[in-house]
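The structure appears right after this line, and notes come after that.
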Amino acid sequence: MNYRIIIPTYKRANILWDNTLSFLKKYKIPNNKIDILISTKKEADYYKTIIGHKYNFIYHGQTGIGAVRNFIRHYYKYKTDLEYVLYIDDDIKGINKIDKPIEDLDSFIKNMFEKTKELNFNLWGICAYDNPFFMKKSITTNLKYICGNFCGEIIDRNKHDIYTDFDHFEDFAFSCEHFIRDGGVVRNNEYCVITKYFAIGGIVESYGGLENRKKDMEEASIHFVDKYQGMCRRILKKYGYDIRLNHNYKNELIRINESIAY
């Protein structure tokens, strides 16, 4: 199975090198399977001084995580012939199976793509938080959150495009849109991602600080629950407003997204 690993990153070359690239190297993932998405060639020159020249760099020229995610989806659907793509953030420290490190990352990724294709869906993911209390040995296809920091997409060029108009909660939006379009999303609830949310740089940097990000989270959460009525609710956590999906939501409507041109 030929899959590629896609890593969007912004002003965090050292974090990328110390976390995600180190994690992938530990599990012997070849460098030639990895694409690093950055905004400009100038930024690439800086990254190369930190991580070297052995990775494939793609320039997206976008501002905001939502626009970057849209670019990625458009690029790999229309500029490549790939069927399997794995999206990973730049600050991933590891993947656990319940409370122990995963043994074979490559086999796990391939198995999840195979299982998702067998179930006739297109988006799969794992638990967003490393809390064994909320994890169980199961694979579900109901409306659950597919976190964008580690998830796989099977590109189906016979189906309409899925894009987002959110910067905050863009992966919640992709979860909802795939559920609407495909009839379900696949989540392996036995595995989780190890990372630190709201770290310095990256999305926080693009907002000009944590407080600005929190403010946008509140506004985005209002817009989100209005757009996806019945599919979610907003909740207040210590770091700001968040979204909770309705796991019992039944897929009754198919809504076509408007195309976004590049």
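A few notes on this one:
- Ranked list, fewest to most other Cβ atoms within 10 Å of each Cβ, for Y197, Y241, Y75: Y197, Y75, Y241
- Cysteines of the chain lacking any other cysteine Cβ under 4.7 Å from their own Cβ: C147, C151, C176, C232.
- Residues R233, R73, sorted so that the one with the fewest Cβ neighbours within 10 Å comes first: R233, R73
- Stretching the chain fully between H160 and I235 yields a gain of 23.9 nm (0.36 nm per residue, less the alpha carbon separation).
- Relative contact order computed over the chain (Cα-Cα under 8 Å; 6+ residues apart), in percent: 21 percent
- Sorted by Cβ density within 10 Å, fewest first, the residues S107, S175: S107, S175
- Candidate lysines for bridging to K227, where Cα separation is under 25 Å - those fewer than 8 sequence places away on the same chain excluded: K144, K159, K214, K215, K237, K238, K250
- Normalised by 2.2 N^0.38 Å, where N is the number of residues, the alpha-carbon radius of gyration of the chain equals 0.96.
None of the figures in this text is laboratory data; all of them are computed from the coordinates on show. Keep in mind it's a predicted model, so treat the numbers as computed, not measured. So basically every Cβ, Gly included, is an ideal-geometry build from the backbone, and we count neighbours across all protein chains shown.
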